[in-house]
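For reference, the structure discussed in these notes is given below.
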Amino acid sequence: MPSIYLYLVSRVLTTIAYQIESIAIGWQVYAIRRDPLDLGWVGLAQFIPMLVFSLWGGQLADRFDRKKILIYCYLVWVLSVVIMAIATAMGQGTLSLFLVLLFVQGTIRAFSNPAAHAFVTQVVPEKQLKRAIALNASIWQASTIAGPMVGGILYGILEKPEWVYAVAAGVSFFGICFLSQVSATSNEKTKEKLNFKNLFSGVEYVWSKPVLLGCISLDLFAVLFGGATALLPAYASDILHVGPKGLGILRAAPAMGAIFTSLWLSRRPMKQRAGLWLFIHVVIFGLSTVVFGLSHIMWLSLVMLFISGASDMVSVVIRMTLVQVASPPAMRGRVSAVNSIFISASNELGEFESGMTAGWFGLVPAVVIGGLGSVVVAAIWAWRFPELRKMAE
């Protein structure tokens, strides 16, 4: 089997495992005190290590074997999930323990994400990179559809989160086995020393490229304000009343929209006015989030989540392609690390922001305000980064 397919199978399995675990954690943590702020702490516990260690992870990804980094990181992740399962089975699944283990997992991702994003360039020829990135995004989104649904169904049927964690650990281990068989076609290691000067070279490079900086930061702030994923356990429980199975379906809806978009873009890449379409889709993302926040009807909520995922995927594909194509091969790990920090800020820090605002204003106002914030961000960035707005492809 060609290495790219082995790598994609590995991505499928490890991503499904992560999504299965996230369903169990979200439902279990919210059930402890039924406080949406606790869902925010889940995001913050994962964001802090991403902020602290991602630049180091990027430098290591440019300096050492990226496949080995991924294997070691994934093995530690499996161990952390096994601990969750054992602690839950023994009745010791406390909020404090979960936050500690999530901090560990955030640290793992700080080192694995730059390596994973940069490693794909070593598995396919340069001329196939754009299509490979879109296919990789499609595979990732397909996994984020299957993972939450499997996690929700398992939780609903078994009613024991420890078994859900056990399944997640087993699926991830199989992903590691496939990854171990991948062969890289090129060597992109740098000979630069591991020091503080080189540590921030990725930041300096991104800062010097207005189009790259604008694209990454636009996605950061749009999702930071407009993302509603963290509050889905509360919506499923208190507003839509659909239980853990419904939570799995809600979590899968944005991914279904995203995979539709990514498959479309893999066959019909944007060749004209990519920058303009980027801003249009950020606005659509924000408005769909507003409607979702106001909805008390399951089918309407699913439609809005589908649209939000589809529109967000446009910026994901543009950003992923831009990061890899615009970065020198020997710096792809460090630039990917900067991108990982921005992604983590938009996702995990966004979860904390969602939990905080929900604690202050309530669930519905928090989501509505966040969606409107994404629209405002799109308008400001369109004015601040004209190079990005005028980008052709």
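Values quoted throughout were computed directly from the atomic coordinates according to the rules given, and no laboratory measurement underlies them. The shown structure was predicted, so the numbers you read here are calculated from the model rather than taken from an experiment. Positions of Cβ are generated from backbone atoms using ideal geometry, with glycine treated the same way; all protein chains shown enter the neighbour counts.
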Self-check item: Rg/Rg_ref, the stretch 39-78, where Rg_ref = 2.2 N^0.38 Å and atoms are Cα
Solution: 1.36
Quiz item: Label-point separation (nm) for R273 and S3, each offset 7 Å from Cα along Cα-to-Cβ?
Solution: 4.0 nm
Quiz item: Residue by residue, what Karplus-based ³J(HN,Hα) values in Hz, rounded to whole numbers, does the stretch 27-33 have, using 6.51, -1.76 and 1.60 with θ = phi - 60° and x for Gly and Pro?
Solution: 5, 5, 5, 5, 6, 5, 10
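What full-extension length gain, to one decimal in nm, is calculated for L97 and E204 as 0.36 nm per residue of separation minus the Cα-Cα distance?
Here the answer is 34.8 nm.
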Quiz item: Sorted by average packing, counted as other Cβ atoms within 10 angstrom per residue and highest first, what order do 295-307, 241-253 take?
Solution: 241-253, 295-307
Quiz item: To the nearest 0.05, how large is the calculated FRET efficiency for L37 and V82 if R₀ is 25 Å and r is the Cβ-Cβ distance?
Solution: 0.35
Quiz item: Between K160 and residues 5 or more places away or on another chain, which pairs have amide H atoms under 5 Å apart, with H built 1.01 Å from N, and which residues are they?
Solution: none
